[in-house]
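Laboratory data are not the source of any read-out in this text; all were calculated from the coordinates shown. Owing to the predicted nature of the structure, the values given are computational and were not obtained by experimental measurement. Note that each Cβ is placed from the backbone with ideal geometry, even for glycine, and that neighbours are counted across all protein chains shown.
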Amino acid sequence: MDDHPRPVLVVDLGAQYAQLIARRVREAHVYSEIVPHDLTAVEIAAKRPAGIILSGGPASVYEPDGPQVDPGLFELGVPVLGICYGHQLMAQMLGGEVGNTGAREYGGTQIHVVRPAGVLLQDFPETDSVWMSHGDGVVKAPDGFLVTASTDLIPIAAMEDPQRGMFSIQFHPEVSHTPRGQAVMKRFLYEGCGLLPDWTPTNIIEDAVERIRAQVGSAEVLCALSGGVDSAVAALLVHKAVGAQLTCVFVDHGLNRDGEPDQVEETFARYFQVPLVHVKAEDRFLAKLEGVTDPERKRKIIGEEFIRVFEEVAHEHTGARFLVQGTLYPDVIESGSKTAANIKSHHNVGGLPEDMDFELVEPLRELFKDEVRTVGAELGLPEEIVRRQPFPGPGLAVRIVGEVSRENLRMVRAADAIVREEIMRAGLEHTTWQAFCVLLADVQSVGVMGDGRTYEHPIVVRCVTSEDAMTADWAKLPYEVLDRVSSRVIREVPGVNRVAYDITSKPPGTIEWE
Ligand code: XMP
């Protein structure tokens, strides 16, 4: 739509940093989007960018197949910021020189600011700490560029040609290890690109509301509620946009956590003035899942069955043609980008059947999780929903390695309740991104309980810290918490005789096991 803010495009040169850069731009209240590096200048221009950022990347500009950008990108009259690999690429493509200087800098590094410090580094003292990660370095700036910083090892740690709107830095401004990194980002956005910090919750909401209205007109809309923050915020936005045209549906697929269906109904009644249809569909989901152990098949079956349930609800209740989904920007990037391999078909994006009768309404498609939370708070959602930990659409089905039977669900559900309770009791629920359990239904191990031998299943406890689920660290939980979880699970969950703690980060692991 025409009055949608023009994006700052983050050109993904193959690093996980692209998403972090896009988030930092949003934190400066400017709208950003990530795009693959092989877009042509014409395709880039069609997105009407207000600025372009070339991300870092693991490649070297010397490598013959290192990622490139269309040289026309520099001729669009749009300000460009090169970061790390993007810095070297910009230098090389504009007539400067990159040398194999032998100067490797990894981690915290001091830069020396050269006065006048230009636009980007004007907030910096003479010497300041930044985060570096590079082998090669720019040894000659392109004509017209002013060198604004060096290090002990490289002559050109930052350079710019503000007249042409070209800015370029060897260090990473997006990581927290560069204390003044966000100041650099803001100088580029506000001064380099002349943007205003107007991507605020109020504007995000207004923009979303307008687009929803434009998309659905006077038609009826269904929204799947899961109890999580995403679907709640999506529902509130749609409600704000089209009011009584919205009906919310909670599908109890039998794959929920302990007490969840009641909780959803109760919270919903308290905070929403929207009709809620509660569909009890456990039997049909479990029947479809019988004997299925392959993770992707589970996801596909659940996604498909969801839609069939919604089609029935639409048929019986409203005749709705539109279905609201709480798809977030990271889901879009993870399932769609050219550089990222398709790791899992996320139920929100990839797991839906082709032949469904609905057009999707995805009001959160451009938002990161933290933005969804801020928007939710702005819309008046209570803390308990806004700060809720994420829970996957296919529910406990992807937390059972093996068949999704009632018995296996009973074990994983009971163990999960214990883990959540203990995390809550230790006051850790807001410092951990997710804390949950996985049941290894296909594995049994020998144990001893009382006087007897046991031969039962292991439960894996998974607890991670993360900012956006794209990367995650295993949480260094206190031993006492792990100890309580372990003894309670073994004591209270029949069928489980062993508890393991998953100490894999993402990457190389994913957060969920399936
Ligand atoms: P992974 O396992 O890919 O998960 O590291 C990243 C984040 O996404 C959540 N997740 C899902 N969310 N539908 C969802 O709505 C899904 O199918 C799904 N699968 C994973 C996961 O819990 C984590 O927060």
> Where a ≥ b ≥ c are the square roots of the eigenvalues of the C-alpha gyration tensor, would you call region 8-192 rounded, which needs a/c under 1.5, or, failing that, prolate if a/b is larger than b/c, or oblate?
Replying inline: rounded
>> For Cα pairs less than 8 Å apart in space and 6+ apart in sequence, what is the mean separation divided by the residue count of region 396-501, i.e. the relative contact order in percent?
In response: 27 percent
> What is the local net charge at Ala320, summed over the other residues whose Cβ is closer than 11 Å to its Cβ (Lys, Arg +1; Asp, Glu -1)?
Replying inline: -4
> By the gyration tensor of its Cα atoms, with a ≥ b ≥ c the square roots of the eigenvalues, what is the shape of region 430-489: rounded for a/c under 1.5, prolate for a/b over b/c, or oblate?
Replying inline: oblate
>> With θ taken as phi - 60° and the coefficients 6.51, -1.76 and 1.60, list the Karplus ³J(HN,Hα) couplings across region 436-452 in order, rounded to whole Hz; mark glycine and proline as x.
In response: 7, 10, 10, 9, 8, 5, 8, 10, 10, 9, 7, x, 9, 9, x, 9, x
> Using Cα pairs under 8 angstrom and six or more residues apart, how large is the relative contact order of the chain, in percent?
Replying inline: 10 percent
> Residue by residue through region 416-426, which ³J(HN,Hα) values in whole Hz follow from phi under the Karplus form 6.51 cos²θ - 1.76 cosθ + 1.60 (θ = phi - 60°), with glycine and proline marked x?
Replying inline: 4, 4, 5, 4, 5, 5, 5, 5, 5, 4, 7
> To the nearest 500 deg cm²/dmol, what mean residue ellipticity at 222 nm is calculated for the chain from DSSP H runs of n ≥ 4 alone, each contributing -39,500 (n - 2.57), summed and divided by the residues?
Replying inline: -9500 deg cm²/dmol
> Amide H to amide H under 5 Å from Cys437: which residues, 5+ apart in sequence or cross-chain, H placed 1.01 Å off N in plane?
Replying inline: Arg462
>> Using the basic label-point model (7 angstrom from Cα toward the beta carbon), what is the Asp198 to Arg387 distance in nanometres?
In response: 3.4 nm
> Mind checking the angle between helix 295-313 and the chain's longest principal axis? C-alpha axes, 0 to 90 degrees, to the nearest 10.
Replying inline: 70 degrees
> Once you sort the root eigenvalues of the Cα gyration tensor of region 89-147 as a ≥ b ≥ c, which label holds: rounded (a/c under 1.5), prolate (a/b larger than b/c) or oblate (the other case)?
Replying inline: oblate
> Any idea what angle helix 260-271 forms with the longest principal axis of the chain, computed on alpha-carbon atoms, 0 to 90 degrees, nearest 10?
Replying inline: 70 degrees
> Between Val448 and Glu265, what length comes free when the chain is fully extended (0.36 nm per residue of separation minus the Cα-Cα distance, one decimal in nm)?
Replying inline: 61.7 nm
>> Can you list residues from other chains, or at least 5 along the same chain, whose modelled amide H is less than 5 Å from the amide H of Leu13?
In response: Ser55
> Once amide H atoms are placed 1.01 Å from N in the peptide plane, what residues at a sequence separation of 5 or more from Arg498, or on another chain, have their amide H within under 5 Å of its amide H?
Replying inline: Ile459
> Angle between the Cα long axis of helix 479-492 and the longest principal axis of the chain, 0 to 90 degrees, nearest 10?
Replying inline: 30 degrees
